[in-house]
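The values are calculated or read from the model by the stated rules, or taken from the named source; none is laboratory data. Bear in mind that the values here come from a model prediction, so they are computed numbers and not experimental data. All Cβ positions, glycine included, derive from the backbone under ideal geometry; neighbour counts span all protein chains shown.
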Amino acid sequence: MINITQNLWKDWRLHVIVLAIVLLTERIGSFNISVGPGVILLLPMLYAMVVGIGIYFTPLIKEKQSKSAESLVFLAVCLLIARFGVVAGASLPKLIEVGPALLLQELGNLGTIFLALPIAVALGLKRESIGMTFSTGREGGVAIIVDKFGLNSPEGRGVMAMYIFGTFFGSIFMGLISGFLATITPLHPLSFAMASGIGSGSMMAASSGSLIGAFPQLENDIIAFASASNLITICTGLFVSIFVALPLTEKLYGLLTRRKQIHANIKEKNNVGG
């Protein structure tokens, strides 16, 4: 274990590339793009993720750097969450004032079922859509699907597709959409801070960073609400997914596919009759 840790810090190619990305993206700085009454914030963190993904497909990054970066990302996220925890502790009275709203925000994650599942079925996806839409497709969701259906099942392929997609593009999407929605809607910025906690440290950081860019005067409150929400999601999300989200997704999938089959049969009969 000690040798592995030492090898991570001795990987000079990785550290030079990361330093270059940081210097480049910080040099570019932040940009605000007005879209109607809303604002899309482009932050250095978003540039860094895009540049990092692009460099991954170049000869600059080899398999060694890729594996080292994976371990160091978890370390960096842990430090970030620790910092968020310190800020959240100072804002504990405000978190208590929110009360049930912070505890019940986990139910908002069920929106992926009602929004995404009908679209997936309409596009012709089969049981893969269950794994794709019953959760946000993070580690907990993958574990639930693999345990119940297996990794090689249609549901397993669906959840893994979303896990991979979320890993590459989730933080970029969260960083762009949170600041835009917070500036275009009448909802309070702290409600979007709570919505940032979907069980992913990197996505939460990207989303809350965008909110802080739009509302710098609320920085500590945004960090506190986002980190508390993320912690609650990690603790309670597994149980909500097992007992509520997955059974609900399977039930709704059955209803949607049955209705789709009925419409297909009616259309076929009309064509035959014509």
Item to complete: Give me the pairs, please: first residue somewhere in segment 227-248 and at negative phi, second residue anywhere and among the basic types (Lys, Arg), beta-carbon distance under 8 Å, and either six or more positions apart or on two chains.
Response: LEU246/LYS148
Response to the item:
Condition set under 13 Å from the mean Cα position of the chain (by Cα) and assigned to a helix (DSSP H, G or I), scope segment 134-158, selection nearest to GLU250 (Cα to Cα): answer is GLY141
Response to the item:
Per the filter on segment 192-223, residues assigned to a helix (DSSP H, G or I), polar (S, T, N, Q) and either at pLDDT below 85 or buried (at least 24 other Cβ atoms within 10 Å of the Cβ) (or both) are SER202, SER207, SER208, SER210
Worksheet item: Any idea how many residues of segment 49-61 are assigned to a helix (DSSP H, G or I) and more than 17 Å from the chain's Cα centre (by Cα)?
Response: 5
Worksheet item: Counting just the residues of segment 125-176 that are more than 20 Å from MET45 (Cβ to Cβ) and β-branched (Val, Ile, Thr), which one comes out modelled with the lowest pLDDT?
Response: ILE164
Item to complete: Out of ILE172, ILE164, report the one residue that is surrounded by fewer than 18 Cβ atoms within 10 Å (Cβ to Cβ), assigned to a helix (DSSP H, G or I) and touching a helix residue (DSSP H, G or I) at 6+ places or on another chain (Cβ under 7 Å).
Response: ILE172
Fill in: For GLU139: the one exception among (1) more than 22 Å from THR236 (Cα to Cα); (2) surrounded by fewer than 16 Cβ atoms within 10 Å (Cβ to Cβ)
(1)
Discussion item. If I ask for residues that are closer than 25 Å to GLY29 by Cα and either of a type in the set (Val, Ile, Thr) or surrounded by fewer than 20 Cβ atoms within 10 Å (Cβ to Cβ) (or both), which ones from segment 224-235 would you list?
Written reply: none
